[in-house]
1. At 1.4 Å probe size, put 318, 429, 439 in order of accessible surface, largest to smallest.
2. Are any of the pairs 267/403; 236/351; 267/351 more than 22 Å apart by Cα-Cα distance, and if so, which?
3. In Å, what Rg and Dmax follow from the Cα atoms of the range 167-488?
4. Using a 1.4 angstrom probe with every protein chain in place, what is the largest-first accessible-area order of 444, 457?
5. Give me the percent of accessible area attributable to carbon and sulfur for the range 167-488, probe 1.4 angstrom.
6. With only Lys, Arg, Asp and Glu charged, each at its Cβ (+1 for the first two, -1 for the last two), find how big the charge dipole of the range 167-488 is about the Cα centre; round to the nearest 20 debye.
7. Amide H to amide H, which residues 5 or more places from residue 263 or on other chains are under 5 Å from it, using H placed in the peptide plane?
8. Report residue 440's accessible area, 1.4 Å probe, all protein chains in place, as a number in Å² to the nearest 10.
Amino acid sequence: MACLSTSGRQGLFVAVSARRYNNHKYLCQLVLPPQLQHHNAAHNSAASRGSFTSANGSSKTNTKTGLVAATASRLLSCNAAKTSASLSNAPSSSAMALPFQQAKRYYHGINGGANANVFNVMLNSDKSSSHSKTKSSNAKTSANCCRYSSVHTQQPAGPVREIQIDPYIVVDDELKYFYEDIREALATGTTQAELNTIATYYIDGQGKALRPMVTMLMAKAVNYHLNKESRQLLNKQRKIAMFAEMVHSASLVHDDVIDQSDYRRGKPSVNALWNHKKVAMAGDYILSVGSIIISRLNNDEVTIVLSQNLRDLVQGEFMQLGSRETENERFAHYLTKTYRKTASLIANSLKATAVIADADEDLKELAFQYGRNVGLAFQLVDDMLDFVSSTETLGKPAAADLKLGLATAPVLFACEKYPELNPMIMRRFSEPGDVERAFELVHKSHGLEQTRFLAKKHCNEAIRLIQGLAESPYQKGLQVVADLVINRMK
């Protein structure tokens, strides 16, 4: 599991998911020297009374322990109303406040410049102290900061505190009302109540939200890398994430029609509740509304990249209807189909976030290849879970792919040991007993282990690729996503 250190560019320290009191308190512990931390508790009462810095800039805290308590007070009690500046643009002056609790949280710290330290940004120097005393204090503070933080150009001189990353929390602001916004867009586009009901049936926030989560992580990682962290840009990238999830939801609706499925995500499928014609048109409606959202971005390259998703998705569905006679052709056919049906949507959505941020070609390709590898790994794990997870865990019947006549990676790997699977694949497991026998042979072979190994290989490649981005909470979160994909159970 990837972790976040207190590193950052030029004295930047990063606050990730600092949403509660204890998280703020722990943040203090990250930046304070250990020999002073035990004094903090003894001065909590003084800190809570606001013994920090007066309006005219003079310090009311003269002792070293008082300084620690004041720092904790500032971190724990700052309010969004005190400042309109975001953390990324915060001034390094005595009037500066840290709005950790503002409505739209920014998971960035304070950039005090290459020669500044964290305490010089947060605190005013004690004007009543002598120049030499202040200089000595600043030198000690700088030494402590160097010990507990690093910059991109150097390694830490000592131990680094680490915080475990939850990728969903890192993009919590962008995902908080995500599905509500999609449902609103669908509702405002039609006056047909039943059409809206069908179209929003799977947009209920009960899925894994992998696509919007990883899209927003890549968007924020790219923005950080390019130093383009603007709210306007992020809102555009959020529209791309909305489109990706809408295309995915539309594909689920269409799949239910094609596969005649009765159960999905632990509830009756849309196909079981409405007739095929209405369901098919509802899927088309979702795609049309998503296309309108993207067209309003007024970016031709983004439109072209995202249109590739739809082309690949349709081609992947057609490929799924056919088979190949030889084993080698069959596996290549399977991987191409998997990319087009699953990985293309993730890869091109991530690429689109880099395109709209005016990234160079190398960065666009990095985003694309990361998404491609994560998408392939995700589907490989999904095919493996079809043989090992229960209906209750997976949200759909076990061995569903076999029952649909589909030979996925575990079956294709099992063919190496049990050639009798080949004629079953050719007849799409249509004869009585084919599904049960194939299921048994897959478990007897090493097909599941080989599938997991291939998925792990793609995850490792995704982690390698993401090292090309500047270190940030979002870059770390993208590494964690690879771990989540390979270790998921549903």
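1. From most exposed to least exposed: 318, 439, 429.
2. Working: 267/403 19 Å; 236/351 13 Å; 267/351 33 Å.
Beyond 22 Å between Cα atoms: 267/351.
3. My reading of the Cα-based Rg and Dmax gives 19.7, 61 Å.
4. So, going from the largest accessible area down, we get 457, 444.
5. Reported share for carbon and sulfur atoms: 52 percent.
6. Working: 38 positive and 42 negative charges, 42 e Å.
With only Lys, Arg, Asp and Glu charged at Cβ, the dipole is about 200 debye.
7. Here 269 satisfy the definition.
8. Here the residue's solvent-accessible area equals roughly 80 Å².
The values are calculated or read from the model by the stated rules, or taken from the named source; none is laboratory data. No experiment lies behind these values; they were computed from the predicted model shown. Cβ: placed from backbone, ideal geometry, glycine included. Neighbour counts: every protein chain shown. The accessibility values were calculated without ligands, DNA or RNA, using every heavy atom of the protein model including side chains. Shrake-Rupley method; radii C 1.70, N 1.55, O 1.52, S 1.80 Å.
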